[in-house]
1. With the requirement that a residue be under 20 Å from Ile82 (Cα atoms) and modelled with pLDDT under 90, what does region 1-19 give you?
2. Looking only at region 88-101, how many residues end up being part of a helix (DSSP H, G or I) and in contact with a Phe, Trp or Tyr (Cβ under 6 Å, 6 or more places away or on another chain)?
3. What is the number of the single condition among (1) touching a strand residue (DSSP E or B) at 6+ places or on another chain (Cβ under 8 Å); (2) touching a residue at least 60 places away in the same chain (Cβ under 8 Å) that Val28 does not meet?
Amino acid sequence: MNNTYLCKISHEFEDAVDEILDYKKAQVQQLKNALEQNNYDEIRKIAHAMKGIHGIEQIYHLAQLVGDAAKQKERDTIQQLITQLEDFLTNIQIQYVDADG
C-alpha cells in the first residue's frame, strides 16, 4: 500500500509512543500467528486488547474490524485487515502537538 499516515499526538505521550507502536507491531504478529492456526478465539482476544492512544484511533478501528471478522470466521477479511494494520504501523508519522491544540 505504501501510504503515509500523519497522526497528531500530544507531547504528554511522547515518551511512550515508540514503545506502544512496537507493542502494536508485536500484537499484529500474534494476529498473524493465530490466523495461521485458524484460532479465531485468540484473534478476537488479541484484537480486543489492541487499544490505541489519543491520536491513533485507526489502530482501534482496524482492531475492532478484525474482532468482528473473527466472530464470523472471515479469514480473507482478517488477512486484509492485518495487512492494513501492518501498513499503518509501518508508515505512521507522528507529529507531537501541545495538549491544547
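1. Within region 1-19, Met1, Asn2, Asn3 qualify.
2. Of the residues in that region, 2 qualify.
3. Failed condition: (1).
The values are calculated or read from the model by the stated rules, or taken from the named source; none is laboratory data. All values derive from a computational prediction rather than experimental measurement. Cβ: placed from backbone, ideal geometry, glycine included. Neighbour counts: every protein chain shown.
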